[in-house]
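Here the structure is laid out as structure tokens; the discussion comes afterwards.
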Amino acid sequence: MDNYQIADSFSLLAKLTDVHGENSFKAKSYASAAFTIEKLPIQLNETAHEKIFSIKGIGESTGKKIIELLETGSLKSLEEMIDKTPPGVMELLNIKGIGPKKIATIWKEMEIESVGELLYACKENRLKLYKGFGEKTQQNVIETIEFYLKSKGSFLFSQINLLAETTKSFFEKIFFTKKIAFTGAYKRQVEIVNELQLVINDTTENIENKLSSVPDFELIEKNQHDLLYRAAVGLKIRLYGCDDMPFMQEVFFKNCSGEFGEAFAKQYQDIDYANCENEEAIFSAANLNYIPASQRESVSVISTAKQGPLPALLQVADIKGIIHSHSNWSDGNYTIEEMAKAAIEKGFEYLVISDHSKSAFYANGLDEGRIKEQHIYISELNKQVAPFKIFKSIESDILNDGSLDYSTAILSTFDLVIASVHSNLKMTEEKAMMRLINAIENPYTTILGHMTGRLLLSRKGYPVDHKKIIDACAANNVVIELNAHPSRLDIDWRHIDYALEKNVLISIDPDAHALDGFDDILYGVLVAQKAMVVKENNLSSFGLKEFEAFLLRNKDLKASN
Ligand SMILES: [Zn+2]
Ligand SMILES: [Zn+2]
């Protein structure tokens with residue numbers, strides 16, 4: 001162990017002492033020990049132990065710790081400190097620009113335990129509400145984290161989506177061909193993409209040769225028929241060559257999940273792929289109704305397609321209203337009027353304003369008085385924006401016991417209520433189910449917001465029994481949100497088929513905190529396509545009249561329950 005490693009241990013100990021809010025005098029002395037050790041002209045591992053104590057700037061307790069490090073390779077007090085720090089909080093120490101004292105606030109006061117959660121909180125404008133965190137710090141933190149995450153290698157679908165087309169046209173230029181196609185997780189619209197995959201109509205050898213002189217493309221894995229590169233932004237790109245299979249055959253099978261591809265190959269053995277211009281041609285050669293790549297997950301879809309054409313894919317244009325949005329009354333960036341005007345411009349028929357409720361103090365949640373004010377304001381605004389309509393809603397916190405945030409007298413004043421968990425996210429399945437089921441059974445709950453609280457790539461979400469929740473929603477006429485924020489996409493599309501089977505409505509909601517949040521609807525739609533959601537299953541596809549009728553009918557149904 002050299003001086004640098006010893007200094008690193010002291011420096012980490014100093015930071016963690018501050019993170020845990022322990023004796024700040026101690027933290028300072030560890031930090032200065034780290035500084036001293038790093039600058040020493042002699043190597044401590046070559047110094048006699050008793051001489052260590054006489055080095056200037058190293059006292060008794062520092063000296064003992066150095067010897068412990070040299071003899072055992074670790075420091076007990078440091079190990080203990082690491083043990084009581086969640087791994088996500090440890091990771092926060094890597095983010096430049098937020099020191100340990102700020103991390104302490106982020107962790108203890110904001111209950112944020114990972115880099116991804118912190119990024120999300122910044123984007124929801126929550127960081128700047130705390131002492132010592134200004135707008136500028138917030139912006140800096142966003143930039144640093146985004147860079148940090150990119151360099152780690154896993155991407156949200158939405159991030160890949162921004163890079164995909166430029167990457168493809170770059171390859172088209174290099175290989176002088178249009179016969180280049182996206183495949184894999186990106187093509188199948190899966191929510192997390194670890195590598196962008198493309199099939200190129202050339203041999204693997206040629207691909208390697210052509211790319212060998214391209215700067216910023218580092219070859220990190222080489223297989224018989226594919227090459228994995230790391231591009232400058234940290235994105236991994238896998239390129240499949242066409243060595244012994246026709247281009248369309250490569251594309252088709254790479255666009256299927258493993259089980260789907262196997263089953264298809266077994267059932268349809270004599271397809272002449274070389275004669276197929278596109279994937280549609282492959283399906284007609286198989287005499288099977290077309291199955292889009294996004295739906296080639298489980299084998300069962302093959303039998304569905306045998307029975308008849310699959311329903312038309314839901315499109316962004318099928319979304320008629322913005323359900324779930326936040327204005328500057330709570331933690332949004334824009335006024336309700338600005339949100340409404342932007343929604344009108346984009347062709348939506350209505351906007352559901354669902355600011356945070358009073359328990360969400362960090363998000364400037366609305367108390368009873370402000371709710372009344374907001375309702376008066378929305379009624380006035382509605383006169384100006386008609387026939388467009390703004391609905392009075394709230395994203396009511398599901399409290400610890402599963403109750404909602406307001407009395408029934410207040411809850412009854414909303415057009416609809418979205419119920420979501422925002423606090424105490426760390427809980428057992430039993431506790432989570434108790435809170436959620438209670439909230440679902442509340443006669444004022446219209447929509448269950450982001451079911452598991454997950455933040456993709458950063459927070460797992462609390463454990464739930466999806467079937468039981470869906471059953472409860474069916475029994476209580478509660479709609480399940482498909483939160484379209486690209487970090488949420490919650491309910492997970494893998495559970496939607498059961499909801500549809502139980503006739504539970506889904507609602508693709510952008511949870512917009514700013515005007516550009518409306519664009520997130522795309523990501524909700526793409527995963528909804530995977531689950532074969534159609535207009536009739538999706539509340540936000542209801543036109544204004546239908547939506548109003550739904551709200552009335554829903555209230556009646558709940559009243560008669
Ligand atoms: Zn929420
Ligand atoms: Zn929200």
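Given 411, 416, which one is open to solvent by less than 10 Å² (accessible area, probe 1.4 Å) and away from ligand 2 (no atom under 16 Å from the Cβ)?
Testing whether each residue is open to solvent by less than 10 Å² (accessible area, probe 1.4 Å) and away from ligand 2 (no atom under 16 Å from the Cβ) leaves just 411.
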Anything in the range 38-77 that is more than 46 Å from the chain's Cα centre (by Cα), over 10 Å from residue 6 (Cβ atoms) and aliphatic (A, V, I, L, M)? List them, or say none.
42, 48, 52, 55, 58
Matching residues in the range 475-497 - criterion: being without any contact (Cβ under 8 Å) to a residue 40 or more places away in the chain and of a type in the set (Asp, Glu):
497
Restricting to the range 386-408, name every residue that is more than 16 Å from ligand 2 (Cβ to nearest atom) and open to solvent by 30 Å² or more (accessible area, probe 1.4 Å).
386, 387, 389, 399, 400, 401, 403, 407, 408
Taking first residues from the range 231-242 that are closer than 14 Å to residue 155 by Cβ and second residues anywhere that are of a type in the set (Gly, Ala, Ser) and not in a loop (DSSP other than H, G, I, E, B), the pairs with Cβ under 9 Å that are 6 or more apart or on different chains are 233/151; 234/151; 238/184
Within the range 54-75, does at least one residue satisfy the condition of being modelled with pLDDT of 85 or more, in a helix (DSSP H, G or I) and under 29 Å from residue 327 (Cβ atoms)?
no
Take the range 197-226 and flag every residue that is aliphatic (A, V, I, L, M), loosely packed, with under 13 Cβ neighbours inside 10 Å and assigned to a helix (DSSP H, G or I).
none
List the helices (runs of 4 or more DSSP H) inside the range 90-165, counting only whole elements, that have at least 1 residues being polar (S, T, N, Q).
135-152
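Is it fair to say residue 439 is at pLDDT 95 or above, within 14 Å of ligand 1 (Cβ to nearest atom) and out of contact with any Asp or Glu (no Cβ under 6 Å at 6 or more places or on another chain)?
On the way: at pLDDT 95 or above: yes; within 14 Å of ligand 1 (Cβ to nearest atom): yes; out of contact with any Asp or Glu (no Cβ under 6 Å at 6 or more places or on another chain): yes.
Here the answer is yes, as residue 439 does meet what is asked.
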In the range 372-385, is there at least one residue being buried (at least 21 other Cβ atoms within 10 Å of the Cβ), over 20 Å from residue 453 (Cβ atoms), hydroxyl-bearing (Ser, Thr, Tyr) and out of contact with any His (no Cβ under 8 Å at 6 or more places or on another chain)?
no
Odd one out for residue 400, checked against (1) out of contact with any Gly (no Cβ under 8 Å at 6 or more places or on another chain); (2) within 20 Å of residue 518 (Cβ to Cβ); (3) at pLDDT 95 or above
(2)
Residue list for the range 227-236, filter: open to solvent by 20 Å² or more (accessible area, probe 1.4 Å) and in a strand (DSSP E or B)
230, 236
Hey, residue 404 aliphatic (A, V, I, L, M), in a loop (DSSP other than H, G, I, E, B) and closer than 15 Å to residue 356 by Cβ or not:
yes
Restrict the check to the range 540-554 and report whether at least one residue is touching an Asp or Glu at 6+ places or on another chain (Cβ under 6 Å) and crowded, with 23+ Cβ neighbours inside 10 Å.
yes
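So, restricting to helices (runs of 4 or more DSSP H) that lie completely within the range 270-364, which ones have at least 1 residues that are modelled with pLDDT of 95 or more and within 16 Å of ligand 1 (Cβ to nearest atom)? Before you say what the answer is, go through the steps one by one.
Working: elements: 279-285, 300-307, 336-345.
Counting at least 1 such residues, we get no helices (runs of 4 or more DSSP H) at all.
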Condition first: more than 30 Å from residue 94 (Cβ to Cβ) and of a type outside the set (Ser, Thr, Tyr). Can you find one or more residues in the range 152-166 that meet it?
yes
Is one or more of the residues making up the range 57-78 in contact with a helix residue (DSSP H, G or I) (Cβ under 9 Å, 6 or more places away or on another chain), under 30 Å from residue 116 (Cβ atoms), open to solvent by less than 30 Å² (accessible area, probe 1.4 Å) and touching a residue at least 40 places away in the same chain (Cβ under 8 Å)?
yes
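The values are calculated or read from the model by the stated rules, or taken from the named source; none is laboratory data. Worth saying up front: this structure is predicted, and the values here are computed from it rather than measured. So basically every Cβ, Gly included, is an ideal-geometry build from the backbone, and we count neighbours across all protein chains shown. Keep in mind that these areas ignore ligands, DNA and RNA; they rest on the heavy atoms of the full protein, side chains included. Shrake-Rupley method; radii C 1.70, N 1.55, O 1.52, S 1.80 Å.
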